[in-house]
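As structure tokens, the structure follows; a few thoughts come after it.
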Amino acid sequence: MTVLQKKADNPIGHLTPEDIEEIGRRLDAIRADIVAQRGASDAAYIRKVISVQRKLELSSRAVLLLSLFPPAWLVGTAGLSVAKILENMEIGHNVMHGQWDWMRDPKIHSTKWEWDHASPSDQWKHSHNELHHTYTNVVGKDNDLGYGIMRVDEDQRWHPLYLAQPLWNFVNACFFEYGIAAYDLELGKNLATKKRRKDPAFKARTRQVLKKIRGQMTKDYVVHPLLSGPSFLHTLAANATANVVRNVWAHSVIMCGHFPEGVQTFERRSIEGETRGEWYLRQMLGSANISGGRAMHIMTGNLSYQIEHHLFPDLPSNRYQEIAPQVQAIFEEYGLSYTTGPLPKQVASAWAKVFRLSLPNDFAANLTAKVGRRKGRQLATA
């Protein structure tokens, strides 16, 4: 945790090595308790969500056959947007984490599931499950942190190209599934040299991604619009809108999980020789939650409990709400900050950080100081 020890206000400076390992033991106990309890109610939950999602998608696509009429377009587009969000967030993401593998149901298993997304499931599982969850918020190792295109920490060297990162981030939000497919391929690194471009494994993965994208686009932008007959263009627009809504929502939720103020980042060398307790601590400090009601938690795939998800990525997502108070109690007992807040606050915090880190450190600090002085003068004269 050396990157934290360089900070003036070290959030873990008061913890002893024994404290950190005790935190790990207590979190292991929480996990073991849920594993022992998994059963019929959990299986019923995921099967119900899958059933609701499929019925909603089918009914929405049926309504869009009449999308020439504005009410049908609005209802169908809204329903399809929700269905796509549910499929990606609460179903696809969590099934591919292996959260339901214990059911031994081949239809709901991480090795068999293919999702409604541009990135093939096996490539996503490598970049997300194996890399992101192993190297959470480690700068230069975790591509999910800034998606490999943004400056994410003050210690990263600034160069003028970062001035455009708010624009890149907006474009990435709108086309998020393709952005994920690109960095699952590590496209920038692999296109940088002739040797990497010609690598047979990279070529094979690229063909797999292009095949997946072709199938997705054929389904949403050819077959379904053609079935709509006179409503072809309206249905095509509805499908495009639903995809953008899904992409922006997923991007926002994921940004809230690792990018708001109060979330820590880590240097590569800080994880050398990392113990189980230190790995848990990095997940705790490198993640943030979103507060809200049950419907919102389902729509986020329960990634509104991002802290709990990063501690226990293979536990059923419906259990995160149950264990969150136990996890928060450990934070409080050991004097750690449990970062959480409503969705608008967390989204605003994440975007503010995107803008702040797009500027040189000195410029951003001076700008903040000027704003503070101006507010002080306004209060003094009020």
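The values are calculated or read from the model by the stated rules, or taken from the named source; none is laboratory data. Here the structure is a predicted model, which is why all the values come from computation and not from measurement. Every residue, glycine among them, receives a Cβ derived from its backbone with ideal geometry; neighbour counts consider all protein chains shown.
Scanning the range 106-143 for residues that are buried (at least 20 other Cβ atoms within 10 Å of the Cβ) and of a type in the set (D, E, K, R) yields a single hit, 142. Residues of the range 118-156 that are in contact with a helix residue (DSSP H, G or I) (Cβ under 6 Å, 6 or more places away or on another chain), acidic (Asp, Glu) and within 30 Å of residue 218 (Cβ to Cβ): 144 alone.
Annotation for the range 18-25: no member residue is crowded, with 19+ Cβ neighbours inside 10 Å, within 29 Å of residue 229 (Cα to Cα) and hydrophobic (A, V, I, L, M, F, W, C). Between 220, 199, the distinction of being more than 30 Å from residue 285 (Cβ to Cβ), surrounded by 18 or more Cβ atoms within 10 Å (Cβ to Cβ) and charged (D, E, K, R) belongs to 220 only.
Evaluated against (1) in contact with a Pro (Cβ under 9 Å, 6 or more places away or on another chain); (2) farther than 20 Å from residue 264 by Cα, residue 133 falls short on exactly one condition, (2). Determine which member of the set 49, 35, 75, 63 is at pLDDT 95 or above, of a type in the set (Val, Ile, Thr) and under 19 Å from residue 93 (Cβ atoms). Matching residue, one of 49, 35, 75, 63: 49.
Looking only at residues of the range 84-136 that are in a loop (DSSP other than H, G, I, E, B) and in contact with a Gly (Cβ under 6 Å, 6 or more places away or on another chain), we find that the one that is nearest to residue 56 (Cα to Cα) is 115. The residue that is nearest to residue 177 (Cα to Cα), among those in the range 223-247 that are surrounded by fewer than 17 Cβ atoms within 10 Å (Cβ to Cβ) and under 23 Å from the mean Cα position of the chain (by Cα), is 244. Among (1) touching a Leu at 6+ places or on another chain (Cβ under 8 Å); (2) more than 13 Å from residue 180 (Cβ to Cβ); (3) at pLDDT 85 or above, where does residue 150 come up short? So residue 150 meets the others, but not (3). The number of residues in the range 82-105 being crowded, with 20+ Cβ neighbours inside 10 Å and not hydrophobic (A, V, I, L, M, F, W, C) comes to 9.
In the range 168-193, the residues that are closer than 19 Å to residue 357 by Cβ form Cβ pairs under 6 Å with partners that are at pLDDT 90 or above and hydrophobic (A, V, I, L, M, F, W, C), at six or more places apart or across chains, as follows: 169/354; 173/248. Tallying residues that are in contact (Cβ under 8 Å) with a residue 24 or more places away in the chain and assigned to a helix (DSSP H, G or I) within the range 212-230 yields 7. Would you check if residue 183 is surrounded by 18 or more Cβ atoms within 10 Å (Cβ to Cβ), in a helix (DSSP H, G or I) and either of a type in the set (Gly, Ala, Ser) or at pLDDT below 90 (or both)? When the stated conditions are applied, residue 183 passes them. The set of residues in the range 261-275 that are among the acidic types (Asp, Glu) and either at pLDDT 90 or above or touching a Lys or Arg at 6+ places or on another chain (Cβ under 7 Å) (or both) comprises 261, 274. Whenever a residue of the range 79-90 is without any contact (Cβ under 8 Å) to a residue 24 or more places away in the chain, its partners that are in a helix (DSSP H, G or I), lying with C-beta atoms within less than 7 angstrom and at least six residues away or across chains, give the pairs 79/56; 79/59; 79/60; 79/63. Taking the numbered list (1) among the charged types (D, E, K, R); (2) part of a loop (DSSP other than H, G, I, E, B); (3) in contact (Cβ under 8 Å) with a residue 24 or more places away in the chain in turn, residue 157 passes all entries but (3).
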